[in-house]
1. Restricting to the stretch A:1-33, give me the number of residues that are under 12 Å from residue D:167 (Cα atoms), in a loop (DSSP other than H, G, I, E, B) and modelled with pLDDT of 95 or more.
2. Kindly indicate which of C:500, C:469 is touching a residue at least 60 places away in the same chain (Cβ under 8 Å), within 14 Å of chain A (Cβ to nearest Cβ), touching a helix residue (DSSP H, G or I) at 6+ places or on another chain (Cβ under 7 Å) and crowded, with 20+ Cβ neighbours inside 10 Å.
3. Say we look at the stretch C:370-393 and pick out the residues that are touching a Ser or Thr at 6+ places or on another chain (Cβ under 8 Å) and not in a loop (DSSP other than H, G, I, E, B); which of these is farthest from residue C:459 (Cα to Cα)?
4. Answer yes or no as to whether residue C:625 is at pLDDT below 95 and within 10 Å of chain B (Cβ to nearest Cβ).
5. If the requirement is being charged (D, E, K, R) and in contact with a strand residue (DSSP E or B) (Cβ under 7 Å, 6 or more places away or on another chain), which of these qualifies: C:148, C:130?
6. State which residue is farthest from the other protein chains (Cβ to nearest Cβ) when the search covers only the stretch B:51-70 and only residues that are under 20 Å from residue C:585 (Cα atoms) and surrounded by 24 or more Cβ atoms within 10 Å (Cβ to Cβ).
7. Tally up the residues in the stretch D:19-48 that are buried (at least 20 other Cβ atoms within 10 Å of the Cβ), of a type in the set (A, V, I, L, M, F, W, C) and in a helix (DSSP H, G or I), please.
Amino acid sequence: MSGYQYYPGCSLKGTGKPYEESLLAVAEALDIRLDELPDWNCCGATAYMAVDELQATTLATRNLAIAAADGRDLIAPCNACWLVLSKTAGHLADDPGLCSVVCGALQATCTIPNGDGPAPLSYDASVPIRHPLDVLVNDVGVETVAAAVTEPLEGLTVAPYYGCQIVRPLAPFDDQYDPVTMDRLLEAAGCDVLGDYPFKTRCCGASQMMTMPDVGVDLVAMLLEDAIARGADVIAVACPLCQFNLEAYQSKAFKRLGKKGRIPILYFTQLLGLAMGLSHRALGLQRSFVDVKPVLAGRSSDA
Amino acid sequence: MSDTDTTETAAAFEPTIVAFFCNWCTYLAADLAGTSRMKYAPNARIIRVMCSGRVDPQFVFDAFAKGADGVLIGGCHPGDCHYQEGNTKALRRFTLLRRMLTDLGVEEERIRLEWISAAEADRLRDVMNEMADQIRALGPFRLPDGAVAPAAPRREEVPA
Amino acid sequence: MREPNGTPRIGVYVCHCGTNIASTVDVAAVRDAAESLPGVVLSRDYKYMCSDPGQELIKHDIAEFGLERVVVASCSPCLHEETFRGAVGEGGINPYFFQMVNIREHDSWVHRDIAAATAKANDLIRAAVRRVRFHEPLEPRRVPIDPRVMVVGGGIAGIHAALTLANAGKQVYLVEREPSIGGHMAMFDKTFPTLDCAACILTPKMTQVRAHPNIQIMTMSEVEEVSGFVGDYRVRVKHHPRFVIEDACVGCLECIDACVFRNGKTPDEFNLGLSKRKPIYIPFPQAVPQVVVIDPEACIEFRAGCRKKTCVEVCAERNAIDFQQEVTYDEVTVGAIILATGFQAFEASRLPQYGYGRLDAVYTALEVERLVNASGPTEGSIVLRDGSTPTSIGIIHCIGSRDKNTNEYCSRVCCMYSLKLAHLLKEKTDAEIYEFYIDMRTPGKGFEEFYNRVEEEGVHFIRGKVADVYPEAGNTGRVVLQAEDTLAGMVRKIPVDMVVLATGLEPQPDAEDVRRTFNITCGSGGFFTERHPKLAPVSTFTDGVFLAGACQGPKDIPDTVAQAGAAAAEALALIDAGHIELEPNTAFVVEERCSGCRTCVGMCPFSAISIVDGKAVINEVLCKGCGTCVAACPSGAIRQNLFEDEEIFEEILGVLTHV
Amino acid sequence: MATEPMIRIEADRDPEFAAWFTGLVGEEKLRECIHCGVCSGSCPLASHMDLGPRKLMYLAREGWADDVLGSNTIWLCTSCYACTVACPQQIPVTDVMYALKRKAIEAGKAPKRHPVAVMAKQFSRMVHRRGRMSEAYLIAGLALRSGVHRYVGMLPMGVNAVRTGRISLKLDRIRRRKELTALLDRVEREREEVAAS
């Protein structure tokens, strides 16, 4: 069975819904099969890690074990999920003691449906954890993406924002300091990409937003201000936490800057979908808090 | 103090490893480990030869016959031999030798050839520790049941 | 198997080495254990066996107790085997009736457990006592030394070493890869802390090298292969074509003007690409030899054929240009070799967070050396890539140094050259200058005073490693440096027009190949390893190969010159002796046991073995004593002095007798 | 002008805490800090921190437990790993921050009703029971437990999210919840057994 397994994570079912919608739409347009991981649970996430590393590792391991039963590469579009799953695979490989505790418990308590009924769930390290940027650039290929573009987004200036967790501390598929995978995909979509956007890997403060909003707003303000100063029409993102953060706190951020301003924060998959001629609704564009119409005006798929 | 009273009970077993180190690389690595005050397992007894190519297979058989639990041969990395290619001769000989010994039932962890340059004291430390751990886990060297003591075979029988 | 000749009377000496051995090995117990070994008539422990009284003790005991064999358990034989052999010889018995046991480097220094270390010492001494019974009387081998020396690398280290040797009357080959000697020092503007001009002090020495009757310079040349041993090294040197006949060119440079290229198009290596040169060029004005060179990659003669050949025309009857030149080889014989192959500056683009290669405002320190130099690409005025003059400059220390992600070591020279560049840039631009340092390291004569002087000049010193360098928004051309000012405890963002990266020193990219060619070792940082960090700082583990300058580790010009002088002196001491004594560890054939099977012939890497009248014969002069043939001989007919089969079997038995 | 003495006596130092801290990472790496400040320099939130990572690490290494566990620095860390990848001594600063957060919670030094600690607990409770996280309930719980006043300003955003269908008021959960709870409990039991032995 070709294609990939797909781990949405909690955010893509909530605030990150447009990411899921646009990713699935683009995958379909490129004829890439994505199958949602059956009965997945929360990845363990950053917040959990702060309280209890072992429990967080256990949560991630259950997902990896379910994925191992299928065997195909696992795509995790949320940067935080991608990192937690990747780090967990690393921890289990490096720490045999930890691995035996967690995997033993897993086998004793959890099951996976099998032809003849439920079978014990067991973990093995066989499944690579992938990010959509990695898959689109390294498996599908920028040329294939470019070939699917029917309505290039000419004249749209985009600041590519990668956030932190796909380049730090691990950076298996892109340059740690100057990542380019999103740049190349957006170029293929016909965008003018701001290659010199210096904050493309700066933290947006998402994990602080719900807890210490004042602090997070400062970071958001800096990222937005600089992108606008460099002429960006849109900021492209690859993570639901970054997206929500940069979008939802805009008015506060601009207030703090003493300026007026709005800038759409779109998933790179939404931009790719637009360039492929997919409809706004299919890409979840109607869910944006910031009106996208002004920057997308005059483009034909505006239906 | 008298000789060590190594009792060969499973609990207190400490292996004795005979190490043949070439004068130019591995012996110097052991010197460097010393000047760097690295600490490693005290199980090996180092015998200096000019080149790993000097290690006669009979030395290895003899060591096992006299009670060694493991034998370590240390030479220069391929291409770095002080005598151009003595280490490659050692490798060829070692490959055959280890096959002979494993055929006899000797665990392969007991006989090892390592390339350790004069600068690689850390590697020397790691090999010393690793080998001591592995052989400690295997227990004392005993001839496999039915095997004839591998006392030095006649020269014609061992690979040149 | 041979038996020892009777039962020789053996003396055992256990050294405390102060507390170096005695704190981990119970020396009294070891002494007592040795006393009970067969053949041992005397066993002593002593504070420092290598001291004069320690050696006297051995000599005295040989006379008093009629010792016939001596075993000393102390440090590594690399340090004191010669010392004790000397004492044994002076005591009146053959110096090779001696065996040394390493209970310091291989025992007390590497173990914590006293019982285990003591047991190990006992085993090793028992092995030596058993072995020494079989020792035969031997004489060291004497081989003559070729009085010529090769110096590899024509930077300041190689230049100084070559001149020192040549002035002492020795014939020197100076091999340099580039078209001119001079190395990195020729690229510098001023030298710290005295600020004297690098060219002013270097070029007279370069000219002396050129003029010296005892020095043969080989530029555009590399050592391809080295064979032989100390005193008799055969070195194969590869000469790359210059396409200009060195002896015919007078350095008039008219050909450069005449070149069909009106302007240079190729990045000028000497100016690190900050200017362009033509296909025919001279590396820099003071180049030695003062001879032009043609770059075949750039010259159209090599690509398409040039009908005009204007360079050839203008050269006229001197006829120095030769497009037909090819790679040639030379083989020379020398007694000693000095390696002075220098360093390479850390490649700044390896740390993308500092923006080198991406942001125009970012320069490396070496580039700035060229910018401030009057003969550099801007004739000494500080003009940035965008044509402007900076009003604020940030200098970032430790780029590629003190960073486990690149190089853990401190490059030693960057603090001082950064201070120098701060001074020169301040003098030329009056810009605001910010130095970002981690620790300011100025341990040298006049260094701290220079630091004070630069502080007085108003340079800002910020203690903190720069975390980010990014372009200011709004196309100002400026970049922002972000760092914690650790002394103030605040994060600062400082916009500057120019960034200078104080790149560290790394081994040459081909240091690993060079190491292999000369059969020496590299340490963890990749620099060549000296024989002993304190007592043999310019020697290597290969006799007759010496080190000078930054190829051994980062160092400044004064230290480099001092080391080059030391290497020259060591080489002189070696070759002036006229001959060298070698270990008598050669192999020999016991004729009656040899079956003439020829197995050994193929084993010998030195072709020292031949078959004469159906029996193997080993040429003692060619034999280097590896012993590979001994191990290979199927009939046990080959023996090796100092490493006899019996001696090694006895050692094996000795270390295992406790089991 | 009021002054406060800035002198510390040795008896106030907590060597046990220092030993715990330096033992967090193998090979005594945490003692190898050269105080270059690149962690604080690269930290997006250093400007809001009382100590910043560099000073925090130094104080912890020397055993000033109260200063460390009572600082806002550990709670402001967003785990962006900028410090970790920049550190010239390869100290995993972010992981150390996680460990200090856990230590502060364990030692009861987390600021009372501090949102980070509350949220982490809230999050863990929800995931433990349901296997998935529902943003709306997370925020609601957070507001209840750490003070509604902090979240009044977020109201318009919540309205937005509901309007665009990006917050579901349905509680998401996995099918084999019981297995997951059993799994987490079992791992917990094994940890307690190891701790006890």
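1. Here is the first cut: in the stretch A:1-33, the residues under 12 Å from residue D:167 (Cα atoms) are A:10-18.
Pick out the ones that are also in a loop (DSSP other than H, G, I, E, B) and you get A:10, A:14-16.
From the residues that got through so far, the ones that are modelled with pLDDT of 95 or more too are none.
Going through the stretch A:1-33 one residue at a time, the tally reaches 0.
2. Details: C:500 fails: within 14 Å of chain A (Cβ to nearest Cβ).
Residue meeting the stated conditions: C:469.
3. Among those residues, the one meeting the criterion is C:371.
4. Values: at pLDDT below 95: yes; within 10 Å of chain B (Cβ to nearest Cβ): yes.
Yes; evaluated as a whole, the condition is true for this residue.
5. Working: C:130 fails: in contact with a strand residue (DSSP E or B) (Cβ under 7 Å, 6 or more places away or on another chain).
The unique qualifying residue is C:148.
6. Residues of the stretch B:51-70 that are under 20 Å from residue C:585 (Cα atoms), as a first pass: B:51-56, B:59.
Filter once more, so that each one left must be surrounded by 24 or more Cβ atoms within 10 Å (Cβ to Cβ): B:51-56.
Values: B:51: 4, B:52: 9, B:53: 3, B:54: 3, B:55: 6, B:56: 4 Å.
By that ranking, first place goes to B:52.
7. 5
Listed here are the residues, each with its yes/no results for (1) part of a loop (DSSP other than H, G, I, E, B); (2) surrounded by fewer than 17 Cβ atoms within 10 Å (Cβ to Cβ).
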| position | (1), (2) |
| --- | --- |
| C:546 | no, no |
| C:554 | yes, no |
| C:566 | no, no |
| C:571 | no, no |
| C:585 | yes, no |
| C:600 | no, no |
| C:617 | no, yes |
| C:623 | yes, no |
| C:631 | no, no |
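The values are calculated or read from the model by the stated rules, or taken from the named source; none is laboratory data. No experiment lies behind these values; they were computed from the predicted model shown. Note that each Cβ is placed from the backbone with ideal geometry, even for glycine, and that neighbours are counted across all protein chains shown.
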